[in-house]
1. Can you name the residue in the stretch A:68-116 that is among the hydroxyl-bearing types (Ser, Thr, Tyr) and within 14 Å of chain B (Cβ to nearest Cβ) and, of all such residues, is nearest to A:Ile421 (Cα to Cα)?
2. Pairs only if they're at least six apart or on different chains, beta carbon under 7 angstrom, first in the stretch B:440-452 and in a helix (DSSP H, G or I), second polar (S, T, N, Q) and modelled with pLDDT under 95; list them, first residue then second.
3. Let me confirm something: among B:Leu475, B:Leu464, B:Leu495, which residue is modelled with pLDDT of 95 or more and either in contact with a Gly (Cβ under 8 Å, 6 or more places away or on another chain) or surrounded by fewer than 24 Cβ atoms within 10 Å (Cβ to Cβ) (or both)?
4. May I ask you to verify whether A:Lys417 is more than 14 Å from chain B (Cβ to nearest Cβ), of a type outside the set (Val, Ile, Thr) and either farther than 30 Å from A:Ser279 by Cα or surrounded by 20 or more Cβ atoms within 10 Å (Cβ to Cβ) (or both)?
5. Do we have B:Arg59 as of a type in the set (Lys, Arg) and closer than 19 Å to B:Asp154 by Cα here?
6. Give the stretch B:98-146 a look and list any residue that's among the basic types (Lys, Arg) and over 28 Å from B:Asn473 (Cα atoms), or say none.
7. Would the stretch A:475-489 turn up any residue that is small (Gly, Ala, Ser) and not in a loop (DSSP other than H, G, I, E, B)?
8. Restricting to the stretch B:155-184, count the residues that are surrounded by fewer than 24 Cβ atoms within 10 Å (Cβ to Cβ), charged (D, E, K, R) and touching a Gly at 6+ places or on another chain (Cβ under 8 Å).
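The values are calculated or read from the model by the stated rules, or taken from the named source; none is laboratory data. The structure presented is a predicted model; accordingly, all values stated were derived computationally and were not measured. We place every Cβ from the backbone using ideal geometry, glycine too, and count neighbours over all the protein chains shown.
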Number of protein chains: 2
Amino acid sequence: MIRRILCRGTSFTAARFLKDRSRISVRAYSKSMSGSEVEKNFDSLFKKIDELKPRFIERLAKGIEIPAVSGDESLRPQVVKKAHYLADELKKLGFSDIELRELGTQPPPVADPNLQLPPVILARYGNDPTKKTVLVYGHYDVQPANLEDGWNTDPFKLVIDEEKQIMYGRGVTDDSGPVKGWLNVVEAHRELGLDLPVNLITCFEGMEESGSIGLDKLIADEAENYFKKVDTVCISDNYWLGTKKPVLTYGLRGCNYYQIIIEGPGADLHSGIFGGSISEPMIDLVKVMSTLVDTKGNILIDGIKEMVAPVLESEDALYDKIDFSVDEFNAASGSKTALFDNKKDILMHRWRYPSLSIHGVEGAFYGSGAKTVIPAKVIGKFSIRTVPNIESAKLDQYVIDHCNREFAKLQSPNKFKAELIHDGDYWVSDPFNASFSAAAKATKAVWGVEPDYTREGGSIPITLTFEQELKSNVLLLPMGRGDDGAHSINEKLDLSNYFGGMKTMAAYLHYYAASEEK
Amino acid sequence: MIRRILCRGTSFTAARFLKDRSRISVRAYSKSMSGSEVEKNFDSLFKKIDELKPRFIERLAKGIEIPAVSGDESLRPQVVKKAHYLADELKKLGFSDIELRELGTQPPPVADPNLQLPPVILARYGNDPTKKTVLVYGHYDVQPANLEDGWNTDPFKLVIDEEKQIMYGRGVTDDSGPVKGWLNVVEAHRELGLDLPVNLITCFEGMEESGSIGLDKLIADEAENYFKKVDTVCISDNYWLGTKKPVLTYGLRGCNYYQIIIEGPGADLHSGIFGGSISEPMIDLVKVMSTLVDTKGNILIDGIKEMVAPVLESEDALYDKIDFSVDEFNAASGSKTALFDNKKDILMHRWRYPSLSIHGVEGAFYGSGAKTVIPAKVIGKFSIRTVPNIESAKLDQYVIDHCNREFAKLQSPNKFKAELIHDGDYWVSDPFNASFSAAAKATKAVWGVEPDYTREGGSIPITLTFEQELKSNVLLLPMGRGDDGAHSINEKLDLSNYFGGMKTMAAYLHYYAASEEK
């Protein structure tokens, strides 16, 4: 089902960092004036994108203000509100066949059994049978964010640091910036009176941060309907590897997210009264969670290592050429706590080895200070990032068996359950097809450099679904940088990446339209 | 420094549960009419307390509405507001020398370095040199509570279940009910035109749930000043052992509360991008916390067991007579997850053995659903309940050394610190002094039974300070029941306990006033 890594004889261009951003634009413009038919409008297009800066920032700011956290059931109305905001914008820009496609009730585990999934936004721009059709995917939901987590500014307000030329806000890079980017590219064409060179179809979902529930089925259902004429899919929901050089991404890890539920007393208890006489779920939980992974990052669950594809010699050599450094990694993590002291090991453990992270505990005391509580029911959360050739169902079985076995050893009277919350498979693609080639040319035209070809440690499970259901290629075209802090506090997007990213998107559509292959 | 357990030749009366509460009152009244000088006013006093029911419930309700959570820095203004509410009530009731005594700035760890401690409320009722002086201690601060933790009703609204005759609300039994109880006893005397048989001094603090910071010094400072004439101290901040029989309490465990702080990356990270390449603080934390205690309740830290006083034969025999059962324990915990299958082991592990509870983790993901975060800084919270003859400073050293040793084994690059947040020593007293004897008679007069003599698993560290600084006895006179759920969700106080408790307090003052000893 999964294609193997396809990196035969690639020649990666060494990175070159141009400190003066204005010089990048000059180069791009002068290149575009060199005369090819495809590039003839780049100059005016890029200029128009720059001119529309206030409007494009305002469009992003309005979206950021809606706390569309899909993982928080109580905020579901806000997710829906953001869908309507986006649909209204599409309408203003002349998109047609706009649908807020309902996906039904969210399956368990949920607190509210009637919780409705947020809608998927389908829309078309152009329906010319002589043009190629590009499906652009993005998501309008965001990760949770609270000021008290350590944000310097309100996470649900777009704040611009004028000196640094950086925008801050939850979702600014993941994934509101890229989603607005596509809308802005259309607007720039309209303002110029320039025809969009392809038909565009949007597929913007509101559950990406919570496992894209319901989207697989919609894509399968629409493969021969709404998405019938799609030639290629472009997903802009990832990041440059570092902070300096644009990349194109041809692989992703999957993610299987688990929870361990341990229930003891009927309600939280006073540790003075019950401590020492009652079996504490939290004690069971730390025991079980401590058996999952060692502090060097080795997963301690039997059977997983054996499923990982071996490193081929040709693959091994590729890592040396990537523009990346341990210093850059440390800068992005804000610490010197890397598990490896060299670029290759770090990238391999991000891209092609599985990893296990423990995210937290629901139900225990989480505030500051001291609370003398024995939590009655605790839910430990952890996830495993998956890579070729891990089989998802087998993995689940190994994980759940391991947890059950470790809990059994404790001889605890508490109730125990380990379960999968959601999963998404890994993905790898051919980085030299028509879509990737168009994106490489666009990158060169805008940024003046050849992109690095990278994989990602994160997961965009829907990538694989698009590829399989629509039988089309999928391109991952990132807008933000590796230090943007997606899923973290103080999430940011550099203004140069927002505008450079839009120009790259625009140029990509033109190059792809002109390519001979699909 | 600490007196050893003094239970020589005690004869405990078997419990008898009278289902029909009205019969208890009839008995108490008929007993009071038997003629002793002390008891001559009990009939009218108890009747007056019942008559004032609406006023006494309203006084309690108004206090519950103020979320005086001392452990939440952001709610500090509410704690102060509650102090002012109480002081106003004292003023209305004719208390004199009312002071809201400031305790200065809260020492670290605090987020706000200028955070002021809530005041201690000092007040007098009567200053007659021919009368004995009783200091009544209570606290007006409460544990944290959120509706989403599983409360059936708003925790900061007093809600009465009329059918069950139960009041619900955060602090209703811990410790607002008892504090209001003393005020109500004074009011009942005033309404009857009856002289209070003793001078009363209040010492109501606002930091009990957060280590009673600052109170030790105030008590020491006032020992020869405000508290100079104090003959005995009565603390009403604990519970009956079970749900049926009143108790008097002559021992308490201490509590040393610790935190483990582990810091890695500069900010929370995306587990897709960094998982497998970075050392995760949360993984270190579960490893260290898993070494603290086993699932049978045995503390795994070297040196602690050796400090615990051995069980004497005479002590061992006492447990058989206590009115308590495993069923009652299971009912209180709402589960069958007791670590022992017999009354004696359960009570011994509550009263005279240390215990270690893991309360939770600050800084990790704590919400429902799935968040793919690598938390940058996590703080594990646990506490040890202490008993004779554990030396607090030695314990701290053993705990911190253990944590440091276990963390060192992990060879983690993260920053690690284990520290004490607050401590309070254990306490044991002579249960047959004048004050305990008066309370025993009062219990008999109100409830028609002899009290059980119990110890408590919880901590009221200030008990020991009062005893040492004022060189007076301390009585623990509980109002609520063992299943009230202090520190838990749906905290409650039975109306019969609120009113029976007040009558017991009133009768206690009369018996104590009449006793020959101090």
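1. For the stretch A:68-116, the residue satisfying everything is A:Ser70.
2. Listed pairs, sorted by first residue: B:Ala445/B:Ser32.
3. Among B:Leu475, B:Leu464, B:Leu495, only B:Leu495 is modelled with pLDDT of 95 or more and either in contact with a Gly (Cβ under 8 Å, 6 or more places away or on another chain) or surrounded by fewer than 24 Cβ atoms within 10 Å (Cβ to Cβ) (or both).
4. no
5. So B:Arg59 passes the test.
6. none
7. Checked against the condition, which is being small (Gly, Ala, Ser) and not in a loop (DSSP other than H, G, I, E, B), the stretch A:475-489 yields at least one hit.
8. Total satisfying the criteria: 1.
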